[in-house]
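Values quoted throughout were computed directly from the atomic coordinates according to the rules given, and no laboratory measurement underlies them. Note that the structure is predicted; figures quoted are calculated from it, not measured. Don't worry about glycine lacking a Cβ; one is built from the backbone with ideal geometry, like all the others, and counts go over all protein chains shown.
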Amino acid sequence: MDRPDDPVRQRILATVDSIPRGRVASYGQVALEAGLPGRARLVGRTMSELAEGTKLAWHRVVNAAGRISTSGASAREQRRRLRAEGVAVDARGRVDFAVHGWRP
DNA sequence: GCGCTGACTCCCC
DNA sequence: AGGGGAGCCAGCG
């Protein structure tokens with residue numbers, strides 16, 4: 001599993017792409033929805049390998065605690081993008097799933 | 001093949 | 001709420 005055309009990767013990307021604007025999902029939830037239960041790390045890896053200018057809404061994926069799992073510039077970018085689409089992100093970088101969680 | 005390293009998650013304390 | 005431990009698995013040296 002690693003090339004751009006890998007079917008597993010495609011499923012992960014498609015699932016992330018289906019998260020509606022203003023909602024967030026956890027890595028584990030994305031894995032589950034993509035038919036890959038227990039493969040949260042793979043989702044995280046996949047996100048980390050995205051190209052700079054990707055159109056994918058990677059910022060709508062956070063960890064199971066509702067926290068932004070990135071660090072540095074990408075963490076700030078993620079926070080910025082989430083807030084820009086109306087998602088409340090607290091000072092610690094946490095989103096409330098009860099309010100903004102993706103419920104497929 | 002081996003060990004380490006994560007944009008992860010549970011479970012237990 | 002926060003930390004340790006175990007399970008997870010693909011990539012890399």
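Our analysis of segment A:24-67 gives Rg over Rh at 0.96, with the two radii drawn from alpha carbon positions and Rh computed by the Kirkwood formula. Taking 7 Å steps out from each Cα toward its Cβ at A:A75 and A:A51 produces label points 2.8 nm apart.
What ranking do A:61-67, A:85-91, A:47-53, A:96-102 get when scored by the average of other Cβ atoms within 10 Å per residue, highest first?
So the peptides A:61-67, A:85-91, A:47-53, A:96-102, ranked by packing, come out A:61-67, A:96-102, A:85-91, A:47-53.
Scanning residues 5 or more positions from A:V62 or on other chains, those with amide H under 5 Å from its amide H are A:A25, A:S26, A:Y27, with H placed 1.01 Å from N in the peptide plane. Once you keep just the Cα pairs under 8 angstrom separated by 6 or more residues, what percentage relative contact order results for chain A? Normalised by residue count, the contact order of chain A is 28 percent. A simple spin-label model places the labels of A:D96 and A:R21 2.3 nm from each other, with each point 7 Å out along Cα-to-Cβ. Under a Gaussian network description of chain A, with springs only between Cα atoms under 10 Å, the residue in A:G93, A:G72, A:G22 that fluctuates furthest is A:G72.
Semi-axes of the equivalent ellipsoid for segment A:48-104, computed as √(5λ) from the eigenvalues of its C-alpha gyration tensor and ordered from largest down, come to 18, 13, 11 Å. Distance distribution P(r), chain A, all Cα-Cα pairs, bin width 5 angstrom from 0: 2, 14, 26, 27, 19, 9, 3, 0 percent.
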